[in-house]
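Participant: Please read through the structure below; I'll follow up with questions.
The values are calculated or read from the model by the stated rules, or taken from the named source; none is laboratory data. The structure presented is a predicted model; accordingly, all values stated were derived computationally and were not measured. Here the Cβ positions follow ideal geometry from the backbone for every residue, glycine too, while neighbour counts run over all protein chains shown. Side chains are part of the model used for accessible areas, which takes the heavy atoms of the whole protein and leaves out ligands, DNA and RNA. Shrake-Rupley method; radii C 1.70, N 1.55, O 1.52, S 1.80 Å.
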Amino acid sequence: MKLLIVEDNPALLESMKQIMEDEFEVETATEGDEALYLAQQNIYDIILLDVMLPEMDGFTILKALRKEQIMTPVLFVTAKDALEDRVKGLEIGGDDYIVKPFQAAELKARIRASLRRTSNMTIEHTLQYRGIELFGKEKAIKVGGEPVKLTITQYELLEYLIQNSGNILTREQIFDRVWGFESDTTVAIVEVYIHHLRKKLEPFGYHKDIQNVRGIGYILKDPKE
């Protein structure tokens, strides 16, 4: 799983990174602009977000993400413990709030709780795109009510496309999200799996919805739009 830690205190950032590296693939940012750019790639399973940052604060970053319909769970990590700050963080779309200083065990517990809540939402609600339904718990798909057999990787690729339907995804974004930064393969594998996924959807007429964006990547949208 992928974790983004946003913290401008170098010592604390390194400490948090070391704590989480045994369970996550960790990326870090120290400034608000950089954090927003990384978070907008939508490749992370959860974000640990400091409130007080250079250039752009954590609240502003989260508002921008939710406006773009990026629903990555966000756990605020901050020294600000006033009630109004905690309430504000949750009201604008934060998933939890932990106040510095904190113990490693508490941080991990809060992360696991946030991920469980997100997972349960995925299980309880099917993901839909036109006549396509994805069922998170079973990793199953139905097209027009008919079951379609996909490999796990094909399922995850389609899931990512549907989660971002109407938005252009670069090949690098898709590769990082589905295969991971540490994969032994290369970004060229994306084109191969797009081809196979189109073949699976072709009998139902949805293969044309996965559209090439020349020189960039792909977009999932109704070709009639």
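Participant: Scan (1) farther than 23 Å from residue 38 by Cα; (2) outside any helix (DSSP H, G or I); (3) in contact with a Leu (Cβ under 8 Å, 6 or more places away or on another chain) for the single condition residue 224 breaks and write down its number.
Facilitator: For residue 224, the failing item is (3).
Participant: Where the second residue is at pLDDT 90 or above and open to solvent by less than 10 Å² (accessible area, probe 1.4 Å) and the first is in a loop (DSSP other than H, G, I, E, B) and lies in segment 147-160, which pairs have Cβ atoms under 8 Å and are six or more apart or on separate chains?
Facilitator: These pairs meet every condition: 150/141; 150/158; 150/197.
Participant: List every residue pair whose Cβ atoms lie under 6 Å apart, where the two residues are 6 or more positions apart in sequence or sit on different chains, the first residue falls within segment 200-225 and is within 20 Å of residue 153 (Cα to Cα), and the second residue, located anywhere, is open to solvent by less than 70 Å² (accessible area, probe 1.4 Å) and polar (S, T, N, Q).
Facilitator: Listed by first residue and then by second, the contacts come to 217/170; 219/211; 220/165.
Participant: Now a separate question. So in segment 37-64, with the set limited to residues that are surrounded by fewer than 21 Cβ atoms within 10 Å (Cβ to Cβ) and of a type in the set (D, E, K, R), which one is nearest to residue 98 (Cα to Cα)?
Facilitator: Only one residue fits best here, namely 57.
Participant: Hey, could you check segment 124-176 for residues that are closer than 17 Å to residue 42 by Cβ and among the polar types (S, T, N, Q) and say which is surrounded by the most Cβ atoms within 10 Å (Cβ to Cβ)?
Facilitator: Once the filter is applied, the top-ranked residue is 173.
Participant: Looking at (1) of a type outside the set (Gly, Ala, Ser); (2) under 21 Å from residue 111 (Cβ atoms); (3) modelled with pLDDT of 90 or more; (4) surrounded by fewer than 22 Cβ atoms within 10 Å (Cβ to Cβ), which is the only condition residue 24 fails?
Facilitator: (3)
Participant: Let me ask something additional. Residue 100 fails exactly one of the following numbered conditions: (1) in contact (Cβ under 8 Å) with a residue 40 or more places away in the chain; (2) surrounded by fewer than 17 Cβ atoms within 10 Å (Cβ to Cβ); (3) under 27 Å from residue 180 (Cβ atoms). What is the number of that condition?
Facilitator: (3)
Participant: Say we look at segment 65-91 and pick out the residues that are open to solvent by 30 Å² or more (accessible area, probe 1.4 Å) and either at pLDDT 85 or above or hydroxyl-bearing (Ser, Thr, Tyr) (or both); which of these is nearest to residue 165 (Cα to Cα)?
Facilitator: 68
Participant: State yes or no: is residue 194 free of Cβ contacts under 8 Å to residues at least 40 places away in the same chain, more than 30 Å from residue 116 (Cβ to Cβ), open to solvent by less than 30 Å² (accessible area, probe 1.4 Å) and outside any loop (DSSP other than H, G, I, E, B)?
Facilitator: Considered against the rule, which asks whether it is free of Cβ contacts under 8 Å to residues at least 40 places away in the same chain, more than 30 Å from residue 116 (Cβ to Cβ), open to solvent by less than 30 Å² (accessible area, probe 1.4 Å) and outside any loop (DSSP other than H, G, I, E, B), residue 194 comes out as yes.
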